[in-house]
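> Before we start, here is the structure in question, set down as structure tokens.
Derivation of every value follows stated rules applied to the coordinates shown; laboratory data play no part. What you are looking at is a predicted structure, and each value in this text was computed from that prediction instead of being measured. We place every Cβ from the backbone using ideal geometry, glycine too, and count neighbours over all the protein chains shown.
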Amino acid sequence: MKTSKAVPAAATAFAVSLLVACGSDPAGDDGGSASNGETVELTFRQFDPADQIQGLAEAVESWNADNPEIQVSLETVSPNNPQQFAREANSGSGPDVIHMALADVAFLAEPRILVPLDDLLSSDPLDGADQLLATDMTTFDDTTWGVPWTADTMALVYREDVLADAGVDETPQTWEEFQQVAEQITTGSDGEVSGFCFAAGAQQPAAQWFAINYYLWNHDMFLIENDGTGWQVGVTQDELAGAIDYFNEFFESGVTPTSMQALTDYADPAIAASLDDGTCAMTYMPPAAFRSVRDQIDAELMTAPMPGGLVDGSSHLGGRALGINANSEHPDEAWAFIKYLMSAETFETYSQYPASAQTLTELDVDPTEVGFVEQLPHSVPFIKYTDAPITIASLQELINQQFSAVYSGQTDSDAAAERIISSIERELQD
Amino acid sequence: MSATTGRRGERLQPYLLTTPALVIVALLFLFPSIYNVVLAFQSLSPFQAPGDADWVGWRNFSRVIADPQFGGAAFNTVFWLTLVTVVLRLIFGIALALALHSPILRRWKVRGLARTMALLPWMVPPVVAVAAWRWILDGNSGVLNQTLESLGLIDSGIPFLAQTSTVWWSVIAIIVWRELPFAVMVLLAGLQSIPDEQYEAASLDGAARWRQFLSVTLPNLRPVLTVVVLVTVIATFNNFVYVWLTTGGGPGAYTAVLATELYSTAFFANNLGGAAAIGLIMTAIMAVFAVLYMRATFKEDAQ
């Protein structure tokens, strides 16, 4: 009898000891305390690619040099993986300060794994807090869970000389004009130059998602909308089929090479190479990708607002926010560090646009980046789609897949539009 | 008293010795498997703690099966991803194993080099292999298109990964190229275990090469082939990397497979319960296959 109990007991004890050994320490557990005169050690996790954060690394080094009592280690986990942070935070660990895509703040706020910032904002206010952009993306249940840090949008990236060769002096202002100009460039070059290059892959992250939404928003169409009574599809089948036809026409007319249908990234080497050799006239990119491509190729690139980009609400305001892990044992020190990251001092070395209306207007940007700066004040965050029963990521996957199905001839625009709408309706009902 | 204690100790010894291994197996295999079953009946997002899950009964399964994309993904998984690639690997695997087993290679003293070369694709990490193949197959600047154009075989680049007529064959080429060495090495080991006397006897009976292959080689390879088929089918059926990195399921959802649907459900729709349901369905399909396959194999062996 004793024997039969002893074996499982030993096994349980062994299992428990393993679990205890595998358990992770809460954030900052061994970080000391500034109030005790010891050095506080914070971890700041960011997700932008390592080649885009040299300026940020310098800013963190500068903080560490000036604040020996609060030392910050910069951790890069790229690409963005909010689920990983959630797993860590839900198990009592994770970095102290977390870098979030604006669209992810609500996901992390809902399970309460971030520190509510309202008390910190009132006790130790942030300079220019009233000038911050996209604060509706960092507010959930009337509580502030993050502070918008950087802002970006997609601007039209083009070869000025290639447009000039086609007799185009100004970038197109509307989507209809854009299509005409792109066709003019391609036909004028006997098909040698693609008027418009864009990553039209079916994959969820494919960049075509942004252009499609810009087109829809500029024509007062939204995939989903909440009229106060509940979520519903915000576009008719005919309207959506029209949008699909618009983008498919670039492939039908030969303005965009079919090979673009296999691409995902706006800065795919194939796009960068064709911009470089002049076989691509126009595309679109966010600022970081633009700088990366601009620095890699010999050709001179320019930016301009997207078609309709100067119309309020016709482009998206993306960007990053900063938050504090609910497990952090040093929220006050983390807040002090966040205030530093939000300051003009950080942006002296970190080449991103601050998510502040005031700072944006004072920016002295490179002339080639004028398109971003002109468009940003008119851009709006994806707030229209947040909090819906269907995630933005799922919408993105659905749209990219169905548009791609039409480009590749698997279906027509009406059937694809019908499928998009029925899929959204099913998700909204669930 | 001491004799009794000694006997009890002897009786306990096997249990005590195997307990650590059983606990590790339970922690690493049994617990995740049971938790996956539990999760399939719950609603949980990747942002929530497991304790926040709600019970939803069979809803995850009904939603998965009602998804119009599920049927296509299941067909793609069974036919294109698994059946076609496994059959091709068996055909090419046997051919390459026979070539590597050839006495000519030994005579030329290149057998070791040839076998090392045959293993090379397996040494390349799948991510690197897919990246290289994407570059080879690129519709504009890909090496394959440039070669075909320079030979005058095509006028303009073929977007292999963007058109339905070529995309599955492109994915299959990548999988077969990368995974072929496993089949080759196992089959080669099987070939080496066949006694030369059997070939000599067959030769004396007047059997030609093809007859020797059918009557000596294949029957002797049966046990090895059984293992190769079982292992490659299960590994390929559950594979996510090749399709995801090559096409992401596109164009449209033309190359979507169950593993990519599982990933999308878990991390784009934030529905871990739905993903667990897909995983459970995949496990059930493979379990049924394994049982039927092993039963058929053992039955033939018994006969």
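> Averaged across A:257-268, how many Cβ atoms of other chains sit within 10 Å of each residue's Cβ atom?
For this peptide, the per-residue mean of nearby foreign Cβ atoms is 6.
> A further question follows. Return B:Arg178, B:Arg107, B:Arg89 ranked ascending by Cβ neighbour count within 10 Å, so the fewest neighbours appear first.
B:Arg107, B:Arg178, B:Arg89
> Enter the angle in degrees (range 0 to 90, nearest 10) between the Cα long axis of helix A:287-296 and the first principal axis of the Cα atoms of chain A, meaning the one along which they spread out most.
In chain A, helix A:287-296 runs at an angle near 70 degrees to the longest axis.
> Given the options B:Pro32, B:Pro103, B:Ser45, identify the residue whose Cα lies farthest towards the positive end of the charge dipole of segment B:12-110 (+1 on Cβ of Lys, Arg; -1 on Cβ of Asp, Glu).
B:Pro103
> Shifting gears a bit: Just to verify a number: FRET efficiency for B:Glu200 and B:Ile34, C-beta to C-beta distance, R0 = 60 Å, to 0.05?
E between B:Glu200 and B:Ile34, to the nearest 0.05, is 0.65.
> How much FRET efficiency would the formula 1/(1 + (r/R0)^6) give for B:Glu300 and B:Ala208, where r is the Cβ-Cβ distance and R0 is 35 Å, rounded to 0.05?
0.85
> Continuing with the same structure: Using R₀ = 41 Å, calculate the FRET efficiency as 1/(1 + (r/R₀)^6) where r is the Cβ-Cβ separation of A:Asp142 and B:Ala131; round to 0.05.
0.35
> Which one, A:His316, A:Pro68, A:Leu360, projects farthest toward the positive side of the charge dipole computed for chain A from Cβ point charges (K/R +1, D/E -1)?
Working it through, the farthest residue towards the positive pole turns out to be A:Pro68.
> Using Cα positions and a limit of under 20 Å, work out the aspartates and glutamates in reach of B:Lys109, with same-chain residues fewer than 8 apart set aside.
In chain and number order, there are no partners.
> May I ask for the distance between the Cα centers of segment B:91-165 and segment A:243-298, given as a whole number of Å?
Here the answer is 29 Å between Cα centres.
> Taking Cα atoms of segment B:1-69, Rg/Rh with Kirkwood Rh, to two decimals?
1.36
> Would you mind getting the Kirkwood hydrodynamic radius of the protein assembly as shown from its Cα pairs, rounded to one decimal in Å?
Hydrodynamic radius (Kirkwood, Cα pairs) of the protein assembly as shown is 29.4 Å.
> Angle check, please: helix A:237-252 long axis (alpha carbons) against the longest principal axis of chain A (alpha carbons), in degrees 0 to 90, nearest 10.
70
> Could I ask something else about it? Tell me the label-point distance for the pair B:Ile104, B:Ile234, using the 7 Å Cα-to-Cβ offset, in nm and rounded to one decimal.
Using points 7 Å along Cα→Cβ, the separation is 3.8 nm.
> Can I ask one more? What residues qualify as long-range amide H neighbours of A:Met154, i.e. H under 5 Å apart, gap of 5 or more or another chain, H built at 1.01 Å from N?
A:His316
> Please get the size of the charge dipole for the protein assembly as shown, origin at its Cα centre, with Cβ charges of +1 on Lys and Arg and -1 on Asp and Glu, quoted in debye to the nearest 20.
It works out to roughly 6280 debye.
> Given H placed 1.01 Å from N in the peptide plane, which residues other than close sequence neighbours of B:Gln42 have an amide H under 5 Å from its amide H?
Here B:Val56 satisfy the definition.
> Quick one: in chain A, what % of C-alpha pairs are over 42 Å apart?
Roughly 22 percent, once rounded to a whole number.
> Continuing with this model, one more query. Please compute, for peptide B:265-272, the average count of beta-carbon atoms on other protein chains lying within 10 Å of each residue's beta-carbon.
5
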